[in-house]
Amino acid sequence: MENQYHKTSITIGKFDGMHLGHQKLFDAITEASKDRGYDSICLKLDFGVPGILSSEEESVFLREKYPSISGIEYISFTPEFASMSPEAFVRSILIDKYNAGYVAVGEDFRYGKNRSGDAASLSELGNIYGFEVYIAKNFYDYTKDASSQEDSIIYYENTYMQNSGVDYAHNDIFDVVSILDGTVIEVSEDNIL
């Protein structure tokens, strides 16, 4: 399979909404592309079930907030795709098809047959196949076990803190984007506020 791109910066995932974790990955590939002269691509795994946003809403979001990302490429989760080993995925998809030079994934990224590959193995394969890998740390979650909570601690200006998605090193103003779904069953006042 011959690739159709010169070097690319890629992020890969389900992208079932465009929350801060996803935006961190989009920021990473946008910055890498700008610095290296690469194309930026979002590879979305398509499991055949609707996500929080429609494909049109996802495209509009990327066009408006990340105009340098050329778009979303959908990868259907077929039996053939599901049976690929991690190395086969890297070789045939990331290298042969998209000519990856930089790949950004979340800390909990899994790929390959039976989810046998993880972010660390992707980084190792990046060393073999010649692409950089950026691994975004997970956000702090009070419901996770102690080990997961410890893994999501960040260190900034001599202080350990919970990773909440705020980039403390930059003073940029940013929009907060959220989506709610459901039915309001009760409205009451909060006496503390």
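Here are a few things to note about the model shown:
- Taking the inverse of the mean 1/r over every pair of distinct Cα atoms in the stretch 11-92 gives a Kirkwood hydrodynamic radius of 13.6 Å.
- Distance between the modelled labels on S68 and E87, one decimal in nanometres: 3.4 nm (7 Å Cα→Cβ projection).
- In a fully extended conformation the segment linking D16 and A146 would gain 44.2 nm over its present Cα-Cα distance, using 0.36 nm per residue.
- Cα-projected label distance for F47 with E186, points at 7 Å along beta-carbon direction, nm: 3.2
- The figure for R115 is an accessible area of roughly 150 square angstrom, using a 1.4 Å probe on the protein chains alone.
- Distance between modelled label sites at S55 and K113, nm, 7 Å Cα→Cβ extension: 2.9
- K97 - accessible surface, heavy atoms, 1.4 Å probe, Å² rounded to 10: 60
The values are calculated or read from the model by the stated rules, or taken from the named source; none is laboratory data. What you are looking at is a predicted structure, and each value in this text was computed from that prediction instead of being measured. No Cβ is skipped: glycine too gets one built from the backbone with ideal geometry, and neighbour counts run over all protein chains shown. Heavy atoms of the whole protein, side chains included, go into the accessibility calculation; ligands, DNA and RNA do not. Shrake-Rupley method; radii C 1.70, N 1.55, O 1.52, S 1.80 Å.
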